[in-house]
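Reviewing the structure listed below.
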Amino acid sequence: MDKTIDLARVLDSHRQWMERGEGDRADLSGADLRGADLIGADLRGANLSGANLLGAILNDADLSGANLLGANLRGADLIGANLSGANLSNANLLGAILNDANLLGADLLGADLSNANLIGAILSGANLRGALLSGADLRVAKLRGALLSGADLRYTDLRGADLIGANLLGANLSNANLRGADLSDADLSNANLRGADLSDANLHDANLRGADLSGSDLSGADLSDANLHDANLSGSDLSGSDLSDAILLGANLRYADLSGSDLRGADLSGSDLSGSDLSGANLLGANLLGANLLGLLSE
């Protein structure tokens, strides 16, 4: 694409195509649009695959259904932009600003969103499999039903985020901040949550089978009916948490703080509770068959 492209003409022709079926759909594939001012631009269904939008200003732009496959959006300003249904697979969004952006159902397979700002962004139903999100700010973002299997979410800020029913199978969430996040019904099986802050998080009925939660903060978290079969919770803080009817079969709870926790009806059979603190915990109806209770602290 010629760098001297008449962007105004392309946008006008695209508008006519969208409104009256006249003109031409915008084809900006491979275009050099570094630092371009596209505030409020109508680029619905446009082809921007491989385009260089480094540092471009796309505030409130409509890119719904657009093709941004492999596009460079590093450091771009996309505050309030509509990217619903857009193809952003393998796109570079490192450090991009996406506050309050609409990415509903967008395809972000393998995209790089490291250190991106996504506060309040809508990512429900989005495909983020294998995406890089380390250091991203996703506070109060909506990720309900999102596909995040194998995603890199290390040191990500997900405080208050909506992750209900999200697929985080095998995702790396080590040292992530998930304080107060809603992960009910989420699939976190085999996920890496070492050192993560999950205090006051909602993990009701979540699947955490085989997950690594060692050294994590789960104080005050709701883990009722959660599946923690073979999970590693060694050295974790579970004080005041709700683990009622949770499955902790074969779980590693060595030196975990379970003080004041609710373990009514929990299945702790075959678990390792050696050195853990169960002072003030409610174990009514809990199954401790074959559990290792060596050095257990209790009232």
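Worth pointing out:
- Residue among L28, L7, L54, L38 that is surrounded by fewer than 20 Cβ atoms within 10 Å (Cβ to Cβ), of a type in the set (A, V, I, L, M) and more than 24 Å from A131 (Cα to Cα): L7
- Among the residues of the stretch 131-181, those identified as acidic (D, E) and touching a Gly at 6+ places or on another chain (Cβ under 9 Å) are D152, D157.
- Which listed residue is assigned to a loop (DSSP other than H, G, I, E, B), farther than 22 Å from N207 by Cβ and among the basic types (K, R), from R264, R254: R254
- Taking the listed residues L94, L48, the one that is in contact with a Ser or Thr (Cβ under 9 Å, 6 or more places away or on another chain), within 29 Å of I164 (Cβ to Cβ) and crowded, with 19+ Cβ neighbours inside 10 Å is L94, with no other qualifying.
- Residue count, the stretch 236-251 (criterion: in a loop (DSSP other than H, G, I, E, B) and either over 30 Å from the mean Cα position of the chain (by Cα) or at negative phi (or both)): 10
- All positions within the stretch 192-212 that are closer than 10 Å to D237 by Cβ and surrounded by 24 or more Cβ atoms within 10 Å (Cβ to Cβ): L198
- Residue check for G215: without any contact (Cβ under 8 Å) to a residue 24 or more places away in the chain, surrounded by fewer than 21 Cβ atoms within 10 Å (Cβ to Cβ) and in contact with a Ser or Thr (Cβ under 7 Å, 6 or more places away or on another chain): yes
- Candidate set from the stretch 213-235 (those that are of a type in the set (D, E, K, R) and in a loop (DSSP other than H, G, I, E, B)); member that is farthest from L198 (Cα to Cα): D230
- Condition check for L43: of a type in the set (A, V, I, L, M), closer than 18 Å to A96 by Cα and free of Cβ contacts under 8 Å to residues at least 60 places away in the same chain: no
- Options G50, G95: the member that is part of a loop (DSSP other than H, G, I, E, B) and within 19 Å of the chain's Cα centre (by Cα): G95
- In the stretch 120-159, the residues that are of a type in the set (V, I, T), crowded, with 21+ Cβ neighbours inside 10 Å and either free of Cβ contacts under 8 Å to residues at least 12 places away in the same chain or assigned to a loop (DSSP other than H, G, I, E, B) (or both): T156
Where a number appears in this text, it was derived from the coordinates with a stated rule and is not lab data. Small disclaimer: the values here were computed from a predicted structure and weren't measured. A quick note on method: Cβ atoms are made from the backbone with ideal geometry, for glycine too, and the neighbour counts reach across all protein chains shown.
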